[in-house]
1. Evaluate segment 105-122: report whether one residue or more is touching a Ser or Thr at 6+ places or on another chain (Cβ under 7 Å), touching a residue at least 24 places away in the same chain (Cβ under 8 Å), open to solvent by less than 80 Å² (accessible area, probe 1.4 Å) and under 30 Å from C182 (Cβ atoms).
2. Please list, ordered by residue number, the strands (runs of 3 or more DSSP E) wholly in segment 2-103 having 1 or more residues that are touching an Asp or Glu at 6+ places or on another chain (Cβ under 7 Å) and open to solvent by 70 Å² or more (accessible area, probe 1.4 Å).
3. Provide a single number: the residues in segment 130-150 that are under 15 Å from the mean Cα position of the chain (by Cα) and open to solvent by 70 Å² or more (accessible area, probe 1.4 Å).
4. Being charged (D, E, K, R) and part of a loop (DSSP other than H, G, I, E, B) is the filter; apply it to segment 267-293 and report the residue that is nearest to Y257 (Cα to Cα).
5. Quick one: what pairs do we get from segment 126-143, first residue within 21 Å of S102 (Cα to Cα), second surrounded by fewer than 17 Cβ atoms within 10 Å (Cβ to Cβ) and of a type outside the set (A, V, I, L, M), C-beta under 7 Å, 6+ apart or different chains?
6. Pick from segment 294-321 the residues that are of a type in the set (S, T, Y) and outside any loop (DSSP other than H, G, I, E, B): which of them is modelled with the lowest pLDDT?
7. Can you tell me which residue among Q254, Q274 is among the polar types (S, T, N, Q) and open to solvent by less than 60 Å² (accessible area, probe 1.4 Å)?
8. Here are T295, T326, T285: which of them is open to solvent by less than 70 Å² (accessible area, probe 1.4 Å), at negative phi and not hydrophobic (A, V, I, L, M, F, W, C)?
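The values are calculated or read from the model by the stated rules, or taken from the named source; none is laboratory data. Keep in mind that this is a model prediction, so the values were computed, not measured. With ideal geometry, Cβ positions are generated from the backbone for all residues, glycine too; neighbour counts draw on all protein chains shown. What goes into the accessible areas is simple: the full protein's heavy atoms, side chains included, and nothing from ligands, DNA or RNA. Shrake-Rupley method; radii C 1.70, N 1.55, O 1.52, S 1.80 Å.
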Amino acid sequence: AVVSTQSTGDCVECDVGYYKSASNDTCQECPSGWYSDSPGASSCTKCPAGTKEVNNTCEKCPAGEYQDSEGADSCKTCPTGEYSDGVNDDNDSDRGDVTCSSCDLGQKLWTNQTGCEDCKAGEFQNVTGATTCSDCTDGYYSGVKAATCTNCDEGKESSSEHTTCVPCGKGSYQNDEEGPTCQVCPTGTYTNDVGQTSCTNCEPGTNQSRTGQHSCADCTAGYFAENYASDTCTECADGYTSTGRAPECMICPQGKYSNDGHTVCLNCSANYYQPSKGATESGCTVCEDNFYSNTGASECTQCPDNMYSVGGDSCQDCPAADDIETALASQEKQKEKCQSDLGAVCFSQ
């Protein structure tokens, strides 16, 4: 398109950025959003979608902006929660985005709205348009680009970064009723393997006084534990004993006793007896004169005729008749028995 000048009457071409149509006598500047890129244009051209007109040039919309209309002189900012990366769907390097996009679930939006980033392992995002990812809570884990976190199986807890689940160690357990993390076994219980959902009670005869253990200890001799899940062993009472790992103490029989230690029932000494069960040493009673007993006796035995006892586990023969008074002068009851036995013998003759 050309126009004539008033001074010379010569025709000249319209400059770049201008045009002359058949209905105009002069060159007209291209309207906003339009351009002409060569002299002598008879019309202007709209800037395509994805661009904006700046000084008669169509510039692509930058990342974070878009333009869905032709003939625009500016680009639009992406709506909240959406982005544009400056690359249109046709991969035309001269044009930017004509629409904005939403991030996938499991991604977060860059704050400048130019792109998305996958949530790291241990994080999640279940809505689009968020600019941050959320951490998985205890008992849950996730991989990269997770929309949700996954619950750990019972007997496990999430790692500190919540990227995987790890079994509870020996002496600990986890179940959903108790919470998301591994708990130490209380006193009186244990676990001897990893990944357990509950603790095992110590059996009778055993105990565990500490928490977080993977075994129970046997009660030592002289002690017992009658219940499951005992956290201590109880010492046997006097008159009772036990061997190791005992659920109960055994009563000492007649003729025996127990005191300190309670590991074994001891015999009452010779010339002592104990008619009752469960006695202490003080319960062993000395035999009366002219009675005797062996060790561990439940009763004393009377010396036979013509025999006497001054203590011990046997009887002695009475002295000859003429010697009784002298030999047993200081042992009145023994003297009486021997004289009585002698009289009985004489009488029977």
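1. Yes, because at least one residue in segment 105-122 is touching a Ser or Thr at 6+ places or on another chain (Cβ under 7 Å), touching a residue at least 24 places away in the same chain (Cβ under 8 Å), open to solvent by less than 80 Å² (accessible area, probe 1.4 Å) and under 30 Å from C182 (Cβ atoms).
2. 2-4, 57-60
3. 3
4. Per the stated criteria, the residue is K277.
5. N126/T148; T128/G81; T128/S102; G129/T80; G129/G81; G129/S102; T131/T111
6. Restricting to residues being of a type in the set (S, T, Y) and outside any loop (DSSP other than H, G, I, E, B), the top hit is Y308.
7. Q274
8. T285
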